[in-house]
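Here's the structure, in structure tokens; my notes come after.
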Amino acid sequence: MRWEGNRQSDNVEDRRASGVGGRSIGIGSIIVALIAWGVFGINPLTVLGIMQGGAPTVQTQQAPGTTGPVDDRSGQFVATVLADTEDVWGGIYSNYKDPRLVLFRDATSTACGTGQAAMGPFYCPADTTVYIDLSFFDELKSRLGAPGEFAQAYVIAHEVGHHLQRLQGTTQKIDSMRGRISQTEYNQLSVRLELQADCYAGVWGHHADRQRKILEGGDIEAAMNAAAKIGDDALQRSAGRVVRPESFTHGTSDQRQRWFYTGLKSGDPQACDTFNASPL
């Protein structure tokens with residue numbers, strides 16, 4: 001993936017030097033986390049109700065991190081991809097408001113509660129911020145078998161897709177259904193929400209490549225491979241569990257690949273209407 005030399009976002013806060021403690025990611029904990037909460041998805045605390053209008057959670061106090069240019073390659077990569085999403089979505093929607101992104105290590109306080117590295121990257125709608133512990137990218141490559149910078153960019157773009165959903169009011173509508181429908185029905189809505197964020201990630205990739213020629217050979221395959229690795233069915237099999245479709249919250253490997261590719265090929269956010277699609 002070509003990204004060096006492109007603009008970096010100013011909306012990045014680096015807290016890696018001021019972590020609140022915790023343990024590093026292990027493959028056992030990350031598989032459990034992937035099944036319980038999903039990766040690339042909404043903060044599990046948010047899913048439990050700490051969203052727009054929800055009650056705040058007691059948080060661990062933490063000194064603020066540094067805001068501004070980051071000086072390591074991994075941080076620069078994240079800041080560059082975030083800037084690229086800002087340019088793409090700001091070009092499509094005139095009223096688009098950029099999210100913030102926090103780099104952290106092990107654990108950090110958020111408006112959605114304490115974020116843990118084992119959750120994987122997540123978006124907190126209560127403070128409109130994406131949170132990433134960069135050690136996750138090592139796990140993505142070495143443990144989950146999904147290497148490649150464009151696969152990592154897909155992770156970031158998916159979380160920014162959740163931010164777009166919040167701006168559109170989609171996240172709030174889904175959250176309002178909690179308690180009014182069965183858990184299985186709510187899980188089905190969650191799947192549609194996640195697949196739409198996958199599609200939005202694809203839309204970003206389409207426009208970023210058209211405008212800045214970021215894609216190199218094998219990049220699309222790397223992102224599609226990542227989408228396959230984190231399908232609900234693949235994660236349940238990886239943990240030695242029986243596949244239970246009624247428990248899915250993010251979609252199957254095939255669905256995640258299909259919706260990402262839909263966005264990538266079309267470049268049209270209107271093509272990402274997973275809520276009226278049948279079948280998914």
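A compact table of results
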{"item": "Sequence-distant lysines (8 or more away, or on other chains) whose Cα lies within less than 17 Å of Lys229", "result": "Lys141"}
{"item": "Proximal lysines relative to Lys97, as straight alpha-carbon distance under 28 Å, when same-chain residues fewer than 8 apart are discounted", "result": "Lys173, Lys213, Lys265"}
{"item": "Burial ordering of Trp89, Trp259, fewest other beta-carbon atoms within 10 Å first", "result": "Trp89, Trp259"}
{"item": "Centre separation in Å (Cα based) which lies between segment 95-156 and segment 235-280", "result": "20 Å"}
{"item": "By average C-beta atoms within 10 angstrom, highest first, the peptides 230-237, 169-176", "result": "230-237, 169-176"}
{"item": "Gyration tensor (alpha-carbon) shape descriptor, segment 123-280, a/c threshold 1.5", "result": "oblate"}
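Rule-based calculations on the coordinates, nothing more; no lab input. Because the structure is predicted, anything quoted here is derived from the model rather than measured. So basically every Cβ, Gly included, is an ideal-geometry build from the backbone, and we count neighbours across all protein chains shown.
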